[in-house]
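So the structure is just underneath, and the comments pick up after that.
The values are calculated or read from the model by the stated rules, or taken from the named source; none is laboratory data. Quantities reported herein were computed from a predicted structural model and do not represent experimental measurements. Cβ sites come from the backbone with ideal geometry, for glycine too, and all protein chains shown count toward neighbours. Heads up: the accessible areas ignore ligands, DNA and RNA and are worked out on the full protein's heavy atoms, side chains in. Shrake-Rupley method; radii C 1.70, N 1.55, O 1.52, S 1.80 Å.
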Amino acid sequence: MSSLATIARKDFKDSIRTRSIWIIAGVMTILSLSHILAFISSPVSEQHTRPFVFAVAQFSLWLPLAAIGIGFKSVVGERTSGSIRILLGQPGTRRDVVFGTYLGRLLILATTIILALGIVGIVVTIEFGDLGGITDVIGGTIALLLFALAWIGLVVGASSVVASETRSIGLVIGVYTLVEPLWQNLVLRLFALAFTGTIQTPNQASVFYSLEDPTWYLYVNRLSPTEAFNAARYYIPELLEGLWYGTAISGPTLPNLFGIAVLIGWATVPVYLGYRQFERVDLG
């Protein structure tokens, strides 16, 4: 077994024994379920034809925070505790430490997501009678796992760059603030000012289904991992359905493919940049 695989396995086993990891997973599941149950109790739920796609969307609120909780100590925690020297002496390279830890934390997050989706799937099936079709289940799950990849990549990358856990959490919370609560009200308005000369943005509700919105908005909005995920959870099931049954795809193809590429970029680029920085630092 390679050093990278050994470190990934060790990180997964160590993390899965940690009580805080399961608390994070439990809280994410409960909060997502609470939103689903609130929707089910409303009259609007009777008109919903894609219950699993809707259920998957509820994770977008809590998965980033779960990824932060699971991953912000990942590399920097080994560094500050001194155990990094043990990992590097197995033998193992700095690359093995960063990417092995990344894989370990990704497996933890993916495991919690699959378990949570199982519980959510039971609730949705009881209420709606089914999950809305096999392509919705497969496509929605793929979109959610891509979203998890994006966030764990960002968090592990940040943990590789800094020298303390405080700086790590500060960095990831800063990025989270930009791409989550400030995205619609500040960041997108700044882009709108640059492209149009005003701070007005199009109606976000139509951006996943329509080509009527300005081209810049269709692409720029998907630079946020959450917005890219919100588009992908509709587009990937439609894409699978089109490939499977030969049906037409209604959403804007190129912007949605761009959004999927953005999720892959968030999953890989921060980790790579974190590794490059980690290679240069003095661990003495």
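Would you mind telling me which numbered condition in (1) modelled with pLDDT under 90; (2) crowded, with 19+ Cβ neighbours inside 10 Å; (3) in contact with a Phe, Trp or Tyr (Cβ under 9 Å, 6 or more places away or on another chain) V76 fails?
(3)
Give me the residue from region 255-284 that is aromatic (F, W, Y) and touching a helix residue (DSSP H, G or I) at 6+ places or on another chain (Cβ under 6 Å) and, out of that set, least open to solvent (accessible area, probe 1.4 Å).
Within region 255-284, the first condition is being aromatic (F, W, Y), and the residues that meet it are 258, 266, 272, 275, 278.
When the remaining residues are screened for being touching a helix residue (DSSP H, G or I) at 6+ places or on another chain (Cβ under 6 Å), the result is 258, 266, 275, 278.
Values: F258: 70, W266: 59, Y275: 33, F278: 0 Å².
Result: F278.
Are any residues in region 81-122 loosely packed, with under 15 Cβ neighbours inside 10 Å, modelled with pLDDT under 80 and in a helix (DSSP H, G or I), and if so, which ones?
Result: S81, R85, I86.
Please work out which residue is modelled with the lowest pLDDT, limiting yourself to region 191-236 and to residues that are of a type in the set (D, E) and more than 20 Å from L154 (Cα to Cα).
Kept after step one, since they are of a type in the set (D, E), are these residues of region 191-236: 212-213, 227.
From the residues that got through so far, the ones that are more than 20 Å from L154 (Cα to Cα) too are 212-213.
Numbers: E212: 63, D213: 70.
In this case the residue turns out to be E212.
Does A67 satisfy the condition of being surrounded by 24 or more Cβ atoms within 10 Å (Cβ to Cβ) and touching a residue at least 40 places away in the same chain (Cβ under 8 Å)?
On the way: surrounded by 24 or more Cβ atoms within 10 Å (Cβ to Cβ): yes; touching a residue at least 40 places away in the same chain (Cβ under 8 Å): yes.
When the stated conditions are applied, A67 passes them.
Within region 37-49, is even one residue within 30 Å of V137 (Cα to Cα), modelled with pLDDT of 75 or more and open to solvent by less than 20 Å² (accessible area, probe 1.4 Å)?
no
Would you mention how many residues in region 227-254 are part of a helix (DSSP H, G or I) and either open to solvent by less than 10 Å² (accessible area, probe 1.4 Å) or of a type outside the set (V, I, T) (or both)? If you could, list the steps in order and put the result at the bottom.
Going residue by residue through region 227-254, those that are part of a helix (DSSP H, G or I) are 227-245, 253-254.
Next, only the ones that are either open to solvent by less than 10 Å² (accessible area, probe 1.4 Å) or of a type outside the set (V, I, T) (or both) stay: 227-235, 237-245, 254.
The total comes to 19.
Among (1) surrounded by 13 or more Cβ atoms within 10 Å (Cβ to Cβ); (2) over 30 Å from R280 (Cα atoms), which single condition is L154 missing?
With respect to (1) surrounded by 13 or more Cβ atoms within 10 Å (Cβ to Cβ); (2) over 30 Å from R280 (Cα atoms), L154 is out only on (2).
Here's a check for you: in region 128-170, which residue that is of a type in the set (D, E) and in a helix (DSSP H, G or I) is farthest from S60 (Cα to Cα)?
E165
If you check every pair at least six apart or on different chains, which have Cβ atoms under 9 Å apart with a residue in region 1-22 that is in a helix (DSSP H, G or I) first and a residue that is surrounded by fewer than 12 Cβ atoms within 10 Å (Cβ to Cβ) and not acidic (D, E) second?
If the second residue must be surrounded by fewer than 12 Cβ atoms within 10 Å (Cβ to Cβ) and not acidic (D, E), the pairs left are S3/P91; R9/M1.
Please give the number of the condition S160 fails out of (1) polar (S, T, N, Q); (2) open to solvent by less than 10 Å² (accessible area, probe 1.4 Å); (3) closer than 28 Å to W244 by Cβ.
(3)
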